[in-house]
């Protein structure tokens, strides 16, 4: 059963001078336990689609249904806090928090007590393959690959089954990129996450269970 | 051209920002123009004042003797000789523009015969008399005047009562009745209705020899030589009486009478510079002389100069040849300058002029701004008896408030400059730094530095040139409004009540503030602003061109691995705030330090302001003002007429803390000690007091040089101690100032007199008192003694106002001094003086009672402190505002620099109000702790945290928090997506 349904979504960027329709009626469904890759050229609307699905934006027309409920009717803060985890190309870790605290932060937002949150954060960091000495390091003490793994740990700490990744390997070397992709694949296939990755990288697309190709704001191919 | 076109397009395509900055620049241009304009107008006015007002310092010598205008003072001559080097140093000090010694001479004007009462010796006469009889009662001869050698009035054929100096009761037959005598002497005021004449030997100089002519010679005993002596004596008196005093000058308008406008020209003008330079034979005369000789400006007189060694009128007069002088000005009559002639000094270069008579030594023309320094320097010579009185015509009164305005305009200008720098930095940040991508692209496309510079400059020019032009025009249009405000402001400063103030005597004229500003000022202000815009633009564009796009990218050194533990103790909403504070030590320390410094800075400012205010209060608290009834010039303290009703009026005003009046009781001649201090009665002969009017008048004349006595209502506040405190004062055991008034026959004597007459403290001494043309014997018990630095020889006796005869009550007092403990009643005192009928000195309107409050030093001190407080208040308020602006901007920058963090938090689902709470708490903790530490440090150093400081610190705290809050609200309402989409 689809955890996320995108139904005829239209989205426009409006400025003083022009209105650009970046999504022109996109429809697709996403299921748990699968790894999706959204590919397309720059400006095709894939990142916008990801932001809409992650609850950072709302569609102008059409609906995005999370477990059958339109996101427009949800408390988006709560949706982002509890249901939509995002991994960014540039990691977006909070610079003043250690790796452990970064991972614990979303849990604390959901009311998990500090000690419990830390314990779970430690386990998640280990789960993404990082050694214990990373726990107490600040983001700028970590390599790009380590930061991205911390970001993934933070994402999966949300107990959400939806995980979005926007060019997760864009800032990483090939080896680190492969590790990250393997991790995301493992999360989809072993832990039942619905992982949706926006990427240019055809190698990642090749590993995906489903590839959605976008062009000029429309979904042109799904296989 | 392409660069210019593109640059302009960039500005035009962001019309909102362009308009905003254009408006900011226009406002700044207006403010800068007006500040420049105020500064320039006030500076011009001060410069005009510097030319318009002349500050002169009158130098006098006040020795032991009563100052005599034309007499030779031997003490003064020796003091001058002894301290010539100090006087020369003063003359050549940098503050002095010129020194003009007072050089007197006599001027003989051909055809002038003076008939006024201000001549040298109006009562002298030399004439033949015919003795008609002798009056036993008055001890005088009755005689008729036969022939006159010299007398101002025509006494020929008139009767006189005459005595001679050598006469006494036993020598009454020295003149034979029915005989003719040639006599010389003076008319005097007598108790009889006849014209009374006192024949006495008179002296004149023949060559270097003093020739004394006997008072009386029988016609038959008159030899040709003796007759010649009488004729020469008569001629000598005539010359002295018909001549005028002559003052040579290098700058007539610096002479105190003209400078202070006591003398004003009724016709003609003062001398012109070329007349000084060319030694022109020109003069200014009194209208008394002009009237006597029927002169108008432009007429000519024949003038000769007469000089004598020593006393101006004494000794042999040496006359220079007559020369023709043109009258260029005629001054209005003034009793103090009845018949003076002023001539340029160079025109009398050959005449021997004598400087060492009189007590006026000269006039220093001093640079207006340097008067205080000069007076400080000059005051060192006061110990020798020199006195310096400054007259600035009101320069300080007029210029000081304007100087304050100028300072305020400078502060305002400085603030405008600071704001301009801030605005230009922001403008350049927005229009240049944010366009660094465009610059990089241009560089990548091969554009040179000049091209990029031109690109940014053209955008800046499009923004700033119209703004500067409009700003200058608006500034010019607002000029008059600003000047109106300025004039009102200046008038507010000038509204000082200086009635009766000793500092008021110099205020004689006011130069109206007529602001004039050259249009060049506006052009200059606009040009400076444009220059600043272009300079900033170039600096910022250089910065952009040096940016990392064109530099080799430096890899950032990895952060040192150190042992950090994740927080285990903190939880909840404030956790992130606390961690943020802990984990960003640079920012934390910087903010803490900044807030601590702000706190200390505010504390210092308020403390210094409080310090000034405390000092001012202390000065006011500890000042006792003194004042006195005086003469027209404000110099005299004794010998006045102050009626009882005036005293009563002042007493009833209930303003003064003390009023002391005294009555001059004439002179005392010591006759002996009747009872010694230990109670032993001495057998001393009774005082020899004459009984005939002749004898009485003779003794009265002789006693003129004996010590004087005053009866006073207070010893300490008596006129004797008004200008100089006693250096030594002793009371008899059991006596003090209060007990002194127990008995009317107590007295306090100067120690040198007691030593001279062998009087001890406690003795009862017998004196002959000459008072009110009468003689009597009195006994006084000496209960106190004193010594002053000036060697006063006045005996003080108690004056009991409650127990006076009606005669004395109506007689009035010879002096009145007062003290005011509570200076807040300063204005009330002025009112009380006015109500009592006093006029300020040197004002001829109103009744002829003058009073002066010796408050010059007090006013100078308090005004200077008040001025300082005003400056500091204006300056400090500006600094407070500046600190507030800085606080606002920094708080904004601190929060806005965390935009990415806020966006991430929002992306992770943190509620907006939680984000606001987190960052607001952080700012509150940081700023609050910094400010609190500052206050704590102040407290530790023992300084009081006053309400003003608390208020300032709280205001800064509030500004900081408000700025943070606004920035936070802006940040959390911004779409998280937009913030996250921005490049790192």
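Keeping to region A:173-206, report how many residues are crowded, with 17+ Cβ neighbours inside 10 Å, touching a strand residue (DSSP E or B) at 6+ places or on another chain (Cβ under 9 Å) and not in a strand (DSSP E or B). Total meeting the criteria: 11.
When each of B:632, B:647 is tested for being over 21 Å from residue B:856 (Cβ atoms) and in contact (Cβ under 8 Å) with a residue 24 or more places away in the chain, the lone residue that passes is B:647.
Select from region B:418-445 the residues that are in contact (Cβ under 8 Å) with a residue 40 or more places away in the chain and not in a helix (DSSP H, G or I) and list them in ascending order. Once the filter is applied, which keeps residues that are in contact (Cβ under 8 Å) with a residue 40 or more places away in the chain and not in a helix (DSSP H, G or I), region B:418-445 yields only B:432.
Scanning region B:577-601 for residues that are without any contact (Cβ under 8 Å) to a residue 60 or more places away in the chain and in a helix (DSSP H, G or I) yields a count of 7.
For region B:761-790, the tally of residues that are assigned to a strand (DSSP E or B), surrounded by fewer than 20 Cβ atoms within 10 Å (Cβ to Cβ) and under 44 Å from the mean Cα position of the chain (by Cα) stands at 2. The residues of region A:87-121 that are part of a loop (DSSP other than H, G, I, E, B) and more than 8 Å from every other protein chain (Cβ to nearest Cβ), listed by number, are A:89, A:91, A:110, A:111, A:112.
Across region B:259-276, what is the number of residues that are closer than 21 Å to residue B:52 by Cβ and touching a helix residue (DSSP H, G or I) at 6+ places or on another chain (Cβ under 7 Å)? Residues in region B:259-276 being closer than 21 Å to residue B:52 by Cβ and touching a helix residue (DSSP H, G or I) at 6+ places or on another chain (Cβ under 7 Å): 5 in total. Against the numbered list (1) modelled with pLDDT under 85; (2) closer than 29 Å to residue B:690 by Cα; (3) out of contact with any strand residue (DSSP E or B) (no Cβ under 9 Å at 6 or more places or on another chain), residue B:755 comes up short only at (1).
Of the helices (runs of 4 or more DSSP H) lying entirely inside region B:878-984, the ones with 1 or more residues being away from chain A (no Cβ under 14 Å) are found at B:912-940, B:947-973.
Would you confirm whether or not region B:253-272 contains a residue that is surrounded by fewer than 15 Cβ atoms within 10 Å (Cβ to Cβ), at pLDDT 85 or above, at positive phi and assigned by TED's automatic domain parsing to the domain that holds residue B:326? Checking region B:253-272: not a single residue is surrounded by fewer than 15 Cβ atoms within 10 Å (Cβ to Cβ), at pLDDT 85 or above, at positive phi and assigned by TED's automatic domain parsing to the domain that holds residue B:326.
Quickly run through region B:241-252 and pick out the residues that are in contact with a helix residue (DSSP H, G or I) (Cβ under 7 Å, 6 or more places away or on another chain) and either in a helix (DSSP H, G or I) or at pLDDT below 85 (or both).
Within region B:241-252, B:252 is the sole residue that qualifies.
For region B:509-527, give me each residue that is within 30 Å of residue B:261 (Cα to Cα) and either modelled with pLDDT of 80 or more or surrounded by fewer than 16 Cβ atoms within 10 Å (Cβ to Cβ) (or both). Within region B:509-527, B:509, B:510, B:512, B:514, B:516 qualify.
Does residue A:30 satisfy the condition of being under 12 Å from the mean Cα position of the chain (by Cα) and closer than 18 Å to residue A:156 by Cβ? No: the conditions fail for residue A:30. Scanning region A:1-50 for residues that are in a loop (DSSP other than H, G, I, E, B) and either at positive phi or surrounded by fewer than 16 Cβ atoms within 10 Å (Cβ to Cβ) (or both) yields A:1, A:15, A:16, A:17, A:18, A:33, A:41, A:42, A:43, A:45. Residue check: residue B:828 meets all listed conditions (1) within 30 Å of residue B:628 (Cβ to Cβ); (2) surrounded by fewer than 18 Cβ atoms within 10 Å (Cβ to Cβ); (3) modelled with pLDDT under 90 but one, namely (3). Residue B:149 fulfils the conditions (1) outside the structural domain of residue B:302 (by TED's automatic domain parsing); (2) farther than 27 Å from residue B:307 by Cα; (3) part of a strand (DSSP E or B) except for a single criterion, (2). Restricted to region A:139-152, and to residues there that are within 11 Å of chain B (Cβ to nearest Cβ) and either part of a helix (DSSP H, G or I) or on the phi > 0 side of the Ramachandran plot (or both), the residue that is surrounded by the fewest Cβ atoms within 10 Å (Cβ to Cβ) is A:140.
Counting the residues of region A:161-172 that are surrounded by fewer than 24 Cβ atoms within 10 Å (Cβ to Cβ) and either within 11 Å of the chain's Cα centre (by Cα) or assigned to a helix (DSSP H, G or I) (or both) gives 3. The conditions of being part of a helix (DSSP H, G or I) and either within 12 Å of chain B (Cβ to nearest Cβ) or surrounded by fewer than 20 Cβ atoms within 10 Å (Cβ to Cβ) (or both) are met by residue A:155. Just to be sure I understand the filter: pairs with C-beta atoms under 6 Å, separated by 6 or more residues or on different chains, first member in region A:87-109 and without any contact (Cβ under 8 Å) to a residue 12 or more places away in the chain, second member in a helix (DSSP H, G or I) and surrounded by fewer than 24 Cβ atoms within 10 Å (Cβ to Cβ). Which pairs pass? If the second residue must be in a helix (DSSP H, G or I) and surrounded by fewer than 24 Cβ atoms within 10 Å (Cβ to Cβ), the pairs left are A:108/A:117. Of all residues in region A:52-81, which are touching a residue at least 60 places away in the same chain (Cβ under 8 Å), more than 7 Å from chain B (Cβ to nearest Cβ) and within 30 Å of residue B:579 (Cβ to Cβ)? A:54 - this is the single residue of region A:52-81 that is touching a residue at least 60 places away in the same chain (Cβ under 8 Å), more than 7 Å from chain B (Cβ to nearest Cβ) and within 30 Å of residue B:579 (Cβ to Cβ).
Listed by first and then second residue, the pairs with beta-carbon distance under 8 Å, at least 6 apart or on different chains, first residue in region B:368-388 and outside the structural domain of residue B:61 (by TED's automatic domain parsing), second modelled with pLDDT under 85 and surrounded by 19 or more Cβ atoms within 10 Å (Cβ to Cβ), form an empty list. Taking the criterion of being over 14 Å from residue B:128 (Cα atoms) and without any contact (Cβ under 8 Å) to a residue 24 or more places away in the chain, the residues of region B:204-227 that qualify are B:209, B:211, B:212, B:223, B:224, B:225.
Of everything listed in (1) away from chain B (no Cβ under 11 Å); (2) surrounded by fewer than 18 Cβ atoms within 10 Å (Cβ to Cβ), the single unmet condition for residue A:136 is (1). When B:570, B:530 are screened for being modelled with pLDDT under 80 and either outside the structural domain of residue B:930 (by TED's automatic domain parsing) or within 30 Å of residue A:110 (Cβ to Cβ) (or both), only B:570 passes.
The values are calculated or read from the model by the stated rules, or taken from the named source; none is laboratory data. Note that the structure is predicted; figures quoted are calculated from it, not measured. Positions of Cβ are backbone-derived with ideal geometry, glycine not excepted, and every protein chain shown enters the neighbour counts.
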